[in-house]
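Here, each number is a calculation from the coordinates, and none is a lab measurement. Computed from a predicted structure; not experimentally measured. For neighbour counting, all protein chains shown are included, and Cβ atoms are generated from backbone atoms with ideal geometry for every residue, glycine included.
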Amino acid sequence: MFSGGHARITAVGLAQTRLTRKTTQMFYRPEAGHSLPHNPLNAIVSPRPIGWISTVSAAGVRNLAPYSLFNAIAYEPPQVMFASNGDKDSVSNIRETGVFCANVVSQDMRDVMNVTSGTVPADVDEFELAGLTALDCQSIDCPRIAGVPASLECRMTELLTLKGTDNFAIFGEVTGVHIRDDCLKDGLFDVTTFQPLSRLGYRDYAVVENVFTLKRPSD
Ligand SMILES: Cc1cc2nc3c(=O)[nH]c(=O)nc-3n(C[C@H](O)[C@H](O)[C@H](O)COP(=O)(O)O)c2cc1C
């Protein structure tokens, strides 16, 4: 639909019409409150990928937790980040060891991923709690989750304290990449094979099932 000249102009024209139409909008300043039943911020910034973060404490206790304030932020060298609202076990472990692994969550792993979001004491091994197998990372001293579509081994580059109470952003350089063989199709990491889970607002999730290609004007 977007490839032919006429069809493309039509699609762009339709979007332009929609974007210039006069609409009514609510506006709020976060410090004054949103007056809605639930905070809409996460629904506005959605969908978000989920980094299923595996770490180990200095004492050797393995930890797992999902973070949707997560993304890739640079290609050369490859870097990712995630943010924690709270000085959580993942943050303390990375402070102690300087490393973490970001594992990809496929839709069939959603319930076990959710188990690892529970608040448990720091001395609980969350791989054991969730019944997951831990494998050693190759480039860092950290566990990764067996069977996930991909894992990114990361060495922390920065741990920033953000505005507010106990808000942190952790940045890491990717030092090793694991990709499950069956997820590679003709040399491409095929998301339709494993259907990544993504986080929306509230308690909502979405699954990536439909993929289309859109070439850039310069392609
Ligand atoms: C899908 C999902 C995404 C989450 N994303 C975040 C996030 O981005 N930041 C955060 O602070 N907590 C997030 N949480 C909550 C943490 O996973 C939860 O607080 C967890 O207990 C932290 O574990 P830890 O103390 O072992 O690090 C998320 C939970 C779920 C289920």
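Springs between Cα atoms under 10 Å define the GNM used for the chain, and in it the highest mean-square fluctuation of 54, 139, 90 occurs at 139.
Exposed loop sites were defined as chymotrypsin sites (Phe, Trp or Tyr not before Pro) in DSSP loop states (anything but H, G, I, E or B) carrying at most 10 other C-beta atoms within 10 Å; in the chain the longest segment without such a site runs 28-211. Sort the range 174-219 into rounded, prolate or oblate with this rule: let a ≥ b ≥ c be the square roots of the eigenvalues of the Cα gyration tensor; rounded if a/c is under 1.5, and if a/c is not under 1.5, prolate when a/b is larger than b/c, oblate otherwise. Taking the square roots of the gyration eigenvalues as a ≥ b ≥ c, the range 174-219 is oblate.
Derived scalar couplings between HN and Hα for the range 28-38 equal 9, 9, x, 5, 8, x, 9, 6, 9, x, 9 Hz in order, rounded to whole Hz, by the Karplus curve 6.51 cos²θ - 1.76 cosθ + 1.60 (θ = phi - 60°), x for Gly and Pro.
Between residue 175 and residue 163, residue separation times 0.36 nm minus the direct Cα-Cα distance comes to 1.4 nm.
Judged by the gyration tensor of its Cα atoms, with axes a ≥ b ≥ c, the chain is oblate; a/c meets the 1.5 cut and b/c is at least as large as a/b.
Spin-label model, residue 44/residue 193: points 7 Å from Cα along the beta carbon direction are separated by 3.8 nm. For the chain, the 222 nm mean residue ellipticity estimated from helices alone, with every DSSP H stretch of n ≥ 4 adding -39500 (n - 2.57) and the total spread over all residues, rounds to -5000 deg cm²/dmol. Think of the chain as a dipole: +1 on every Lys or Arg Cβ, -1 on every Asp or Glu Cβ, centred on the Cα centre; then among 129, 94, 69, 69 lies furthest on the positive end.
Computed 3J(HN,Hα) for the range 111-121, one whole-Hz value per residue from the Karplus formula 6.51 cos²θ - 1.76 cosθ + 1.60 where θ = phi - 60°, is 6, 6, 4, 5, 4, 7, 8, x, 8, 10, x, glycine and proline marked x.
Under a 10 Å cutoff between Cα atoms, tell me which one of 184, 36, 135 has the largest fluctuation in the Gaussian network model of the chain. Answer for the Gaussian network model of the chain: 36.
Once you keep just the Cα pairs under 8 angstrom separated by 6 or more residues, what percentage relative contact order results for the chain? Spell out each step's value before the answer.
Numbers: 394 pairs, mean separation 48.0, N = 219.
That works out to 22 percent.
Spin-label pair residue 92-residue 129: with each label point 7 Å from Cα along the Cα-Cβ axis, the two points sit 1.2 nm from one another. Distance between the C-alpha centres of the range 57-100 and the range 128-173: 4 Å, rounded to the whole angstrom.
Rounded to the nearest Hz, the phi-derived 3J(HN,Hα) couplings of the range 64-70 under the Karplus curve 6.51 cos²θ - 1.76 cosθ + 1.60 (θ = phi - 60°) are 9, 6, x, 9, 9, 7, 9, where x marks glycine and proline.
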